[in-house]
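The values are calculated or read from the model by the stated rules, or taken from the named source; none is laboratory data. The shown structure was predicted, so the numbers you read here are calculated from the model rather than taken from an experiment. Note that each Cβ is placed from the backbone with ideal geometry, even for glycine, and that neighbours are counted across all protein chains shown. Note: areas computed on protein heavy atoms with side chains; ligands, DNA, RNA excluded. Shrake-Rupley method; radii C 1.70, N 1.55, O 1.52, S 1.80 Å.
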Amino acid sequence: IVTSVKAGSGPVSGNTRVMVLGAGFAPDDKDAVTSVDFAPTDGSASVAARSFRVLTDGSLTAVTPDVTGSLPTSGKQGDDSLETDVTVTTKDGTSPTSKKDLFTFDPVSIIQLGDSVASGEGTLYAYHYDSSTGVWSGGSPFPDWTGKYPLCHDSQFAYGQVVTDSLPDAKFTQLACT
């Protein structure tokens, strides 16, 4: 059974090392645990830990998996977390779930500190960045937007915004634009 999970939260991209405390992890030998899983409390499919290591009969460490594919598809981007039960499976079965085995995957945060081009102003002037070559091209002194000048902070084409939009549950925050 799992009685406690130390490091109760981490990013949806995984790689957080958690300490799982409980009992029955190594009743006969250290190979008794066959899997450690992160089971979303909403009932969707469990995701196996990237790795785990049994330390004693009552403790093991596990590295969280990437759960971006298990994130909710509804709700406002960046606002959803994924609550999971950490379960341990041995030859005797899988640990029952409880409030003591919870681990929460938090949304990815993209924070942008950058100049006007990085924040999107360059794209507003019709510049285009080719990520395969690393070259900016194009540009126009007469941009095609209408109305009041859109601040670079508001550009949907800002690098950080584009990256954020490509991640299932990321949150974008700009702190500066020059």
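Among the residues of the range 1-43, which ones are closer than 12 Å to Leu82 by Cα and open to solvent by 50 Å² or more (accessible area, probe 1.4 Å)?
Ser9, Pro11, Ser13, Thr41, Asp42, Gly43
Please list, ordered by first then second residue, the pairs with beta carbon atoms under 9 Å, 6 or more apart or interchain, first in the range 89-103 and open to solvent by less than 80 Å² (accessible area, probe 1.4 Å), second in a helix (DSSP H, G or I).
Between residues of the range 89-103 that are open to solvent by less than 80 Å² (accessible area, probe 1.4 Å) and residues that are in a helix (DSSP H, G or I), the close pairs are Ser95/Asp101.
Looking at (1) at pLDDT 95 or above; (2) surrounded by fewer than 19 Cβ atoms within 10 Å (Cβ to Cβ), can you tell me which one Pro72 breaks?
(1)
Considering only residues of the range 104-125 that are open to solvent by 30 Å² or more (accessible area, probe 1.4 Å) and polar (S, T, N, Q), which is modelled with the lowest pLDDT?
Thr123
Checking Val63 against (1) under 17 Å from Gly22 (Cβ atoms); (2) at pLDDT 95 or above; (3) open to solvent by less than 50 Å² (accessible area, probe 1.4 Å), only one condition comes out false. Which one?
Only one criterion is unmet by Val63, namely (1).
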